[in-house]
1. According to a simple spin-label model (label point 7 Å from Cα along Cα-to-Cβ), what is the distance in nm between LYS335 and ILE351?
2. Calculate the spin-label point distance for LYS383 paired with TRP255, positioning each point 7 Å from the Cα along the beta-carbon direction, and give it in nanometres.
3. Rounded to the nearest 500, what is the 222 nm mean residue ellipticity of the chain from helices alone, with -39500 (n - 2.57) per DSSP H run of 4+ residues and division by all residues?
4. By how many nm would the segment from ALA195 to VAL171 grow when fully extended, if each residue of separation counts as 0.36 nm and the alpha-carbon distance is taken off?
5. Of all accessible surface on the chain at a 1.4 Å probe, what whole percent is carbon and sulfur?
6. How about the stretch 307-407: which GluC sites (Glu not before Pro) there are in a DSSP loop, with at most 13 other Cβ atoms within 10 Å of their Cβ?
7. For the chain, set up a Gaussian network in which alpha carbons nearer than 10 Å are linked by springs, and say which option among ILE261, ILE331, ILE47 fluctuates the most.
8. Where does helix 87-97 land angle-wise versus the long Cα axis of the chain, in degrees 0 to 90, nearest 10?
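The values are calculated or read from the model by the stated rules, or taken from the named source; none is laboratory data. Quantities reported herein were computed from a predicted structural model and do not represent experimental measurements. Cβ placement follows ideal geometry from the backbone for every residue including glycine, while neighbour counts extend to all protein chains displayed. Just the protein is used for accessible areas: all its heavy atoms, side chains included, with ligands, DNA and RNA removed. Shrake-Rupley method; radii C 1.70, N 1.55, O 1.52, S 1.80 Å.
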Amino acid sequence: MTKRLSITRRRLLATGIGAASTGILPRRISAQGAPVKIGVILYLSGIQSFMGQQTRKGNDFGAKIVKEAAGPPMEFIYGDAESKPESGRVVAERLIRDGCTLLIGTNDSGSTISVAQAAEAAKIPFLINIASAPQITEQGFTQIFRNFPPATNLVANAVARIKELGAATGVEPKTAVILHVNDTFGQGVMKGVDALWERLQVPMKIVDRISYDVRARDLSVEVAKAKAVGADLLMPITRVSDAILIVREMVKQNWSPMGIISPGSPGPYEKAFTDALGKYADGYMSCVPWYDPTKKRSREIADRFERESGDRFDLNAAFAFEAVEIAADAIKRAKSAGPAAIHAALKATDIADHIIYGGPIRFDEKGQNNNIGGVMLQNQNGKPVVVNPADAREAKAIFPLVPFDKR
């Protein structure tokens, strides 16, 4: 063997790295000391491109920080799934053929499942940065490692935060209406709500559930239906574009409920949301995993990212950043670019000092990190701040919501 590592197709099959039935095989595995090729699959174009672009910024920033810390050499190759869940597998297969021995992604549950199928067929480890559908870790995939909570955990954390809000403010809402997107993500969160609401004895009745299409450009009818219910709380399950549409329609229809609290979804904490809505973005709450603002390193990372990028260090950027650090940790311990070695190292991950609120990063037998916590954010003065739980609080919650016509 020369200094350049050369592995034949027969040897790949013998070691279990490839899969003859699919024809998906890395063209080559990096030579010792050469950068490990990492394929990153995101929605970089299409209806969900904002999340993908923001996730890429966090990924690029993480790569920069790892390099400054003399971490292992890594080469990131981006693939665009074009906001189409079925495209995830196609893009993943191409990246694997191009020599990637680790995949990272995506920013959507549907495309994550698609990518997981390609990773499983080729025996390439897949580090999931953002995707919440519970079924991702329930289908028997052996190559996945998810550093993001499933919808059931998202909802459980959200319910805890909502119950804390009532105790902290002395204002107890009695009813809620849910307005949700009807794709894989939205349905997953809805199932989590249904499974946990009564079990956790939330002192609030969900009086209606109203769905809308992921590609909707007008939500006036759906908002009018939600308003007509007369509930104390609106609980939206959205992404950023539809979250903006909902609030604009609420302002038009002069609907100001007691509060707007998302039980675990992207959108309201993103810069695109607060920039688009201005003063009408304030007061909106969301219960999501987030970086821990009480940790010195988390705050330093967030401040530097915002200073250098001119953008917000939100959930998308934070989990993308952490995925890069997890990958670097595993590659360093693996001492190899081979997918089997990286897979084994990921299984042994144990990182206590990290930026996301919660416990150590450890993956269980299904590839799930169960130690991710959740906070309640509220937009105040154009920026999301942590208002619950107490050990991560940056500011007091403003509740009930200041009516839109009083701003």
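1. About 2.1 nm separates the two model spin labels.
2. The modelled label-to-label distance comes out at 3.2 nm.
3. Working: 12 runs with 157 residues, N = 407.
Mean residue ellipticity, 222 nm, calculated: -12000 deg cm²/dmol.
4. Values: separation 24, 0.36 × 24 = 8.64 nm, distance 2.51 nm.
The span from ALA195 to VAL171 would gain 6.1 nm if fully extended.
5. 50
6. Counting only loop positions with at most 13 other Cβ atoms within 10 Å, the GluC sites (Glu not before Pro) in the stretch 307-407 are GLU365.
7. Between ILE261, ILE331, ILE47, it is ILE47 that shows the largest mean-square fluctuation.
8. Rounded to the nearest ten degrees, it is 20.
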